[in-house]
Amino acid sequence: MTSKRIYAAWAGVHFFLITVICLRGIFALVAADTTILPSALNTSARSGEVVLASVLGKDLAASNPWRLGIATYLHAAGSQAGYGFFAPNIPGYHKLILELYYDDGHIEYDAPHVQGGAAALRLDSLLDRLADPLYEPLREVTVKMLVLAVWQEHSDVKKIRAVFGSVNPPNIGDFEHGKRESFQPLFSYDFSLRNEENQSMAQ
């Protein structure tokens, strides 16, 4: 009889934690205005997310036993993330825009060229990694290699400015008002190989 009560209590705690995880994921999506629900619910959803996060010990120190215990159990049970982790939300991505400056003053825009779907996927992965601060020492060298490939096709170009940034899709509210994805520059490099001088400027 005692063992049945223990199993029942464990099952109750287990499903309670699953419910908290799922509700927190739903509240997070609503608070981020990524659902069709009215924007008036965003504040309430954000407050609910904070409350549920505190139940999971997220507001405690990383070394707190309560937080560590819950996190360890949820990971062991495979319940650390709700359905929102697999939800079909379109993420942002990164893009490298090349501004080609000619002697006559006109400017053209281009992008790194690849051949085949596999190469395109590798390029997308490379650009996403360049946004990581850990790859900062390699950014200029990597961007320069991509620029050189384009420069070989435009030998009469005076200067190339490589602008790296993130492309963010609009949320549902902005999309309903006709807004499209936006480009947010993160840094840029200027290359002028004709004068054998490479000037880089991080913004």
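Summary table
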item	result
Residue, farthest from I26 (Cα to Cα), within the stretch 50-81, restricted to residues that are open to solvent by less than 50 Å² (accessible area, probe 1.4 Å) and in contact with a Lys or Arg (Cβ under 7 Å, 6 or more places away or on another chain)	G57
Of residues in the stretch 1-18 being at pLDDT 85 or above and open to solvent by less than 70 Å² (accessible area, probe 1.4 Å), the one farthest from A71 (Cα to Cα)	A8
The stretch 104-118 - residue that is closer than 20 Å to V147 by Cβ and at pLDDT below 85 and, of those, surrounded by the most Cβ atoms within 10 Å (Cβ to Cβ)	V114
Checklist (1) part of a strand (DSSP E or B); (2) over 22 Å from S182 (Cβ atoms) applied to E136, failing item	(1)
Criterion: modelled with pLDDT under 85, of a type outside the set (K, R) and open to solvent by 60 Å² or more (accessible area, probe 1.4 Å) - qualifying residue of D124, D156	D156
Cβ pairs under 8 Å, 6+ apart, first in the stretch 19-44 and under 14 Å from Q80 (Cα atoms), second of a type outside the set (G, A, S) and crowded, with 19+ Cβ neighbours inside 10 Å	V20/L52; L23/L52; R24/E49; R24/L52
So G82, is it within 30 Å of V147 (Cα to Cα), out of contact with any Leu (no Cβ under 7 Å at 6 or more places or on another chain) and modelled with pLDDT under 85	no
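The values are calculated or read from the model by the stated rules, or taken from the named source; none is laboratory data. If you're wondering where the values come from, they're calculated on a predicted model, not measured in any experiment. Methodologically, a virtual Cβ is constructed for each residue, glycine included, from the backbone with ideal geometry; neighbour enumeration extends over all protein chains shown. Areas reflect the complete protein model, heavy atoms only, side chains present, ligands, DNA and RNA absent. Shrake-Rupley method; radii C 1.70, N 1.55, O 1.52, S 1.80 Å.
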